[in-house]
Amino acid sequence: MILSWTPREFKNFIKGAQLRIVDQYESMAKQAMFNRYAQNSKRAKEKKMFDAQTARKRVMNGTGDWKESREPKINTDRYRAAQKAMKAYRMKGG
């Protein structure tokens, strides 16, 4: 089968095989980071690493960002409240 390929097809096959290895290394690196987080966190939560339920919803809806399914690192409500409070704050004697 390989002998019937054009040089371009063979080159693309090799690139595909190399990219598969890159994906495997990336996956192993993510697994190592998840493992480090789980071992060192006081209260490790699965959703902080990857929210499978959200990912499934995103896959079913056809959005392409399903791999980024995890809880946000900051609470956006608290962040917005802090921004609003900082706008209202005036430095005394300044």
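Observations
- Evaluated over the chain, the count of Lys pairs having alpha-carbon atoms less than 21 Å apart is 20 (only pairs 8 or more residues apart or interchain).
- The chain, accessible surface, carbon-and-sulfur percent (1.4 angstrom probe): 56 percent
The values are calculated or read from the model by the stated rules, or taken from the named source; none is laboratory data. Keep in mind the model is a prediction, meaning the values are calculated, not measured. SASA here: full protein model, heavy atoms, side chains in, ligands and nucleic acids out. Shrake-Rupley method; radii C 1.70, N 1.55, O 1.52, S 1.80 Å.
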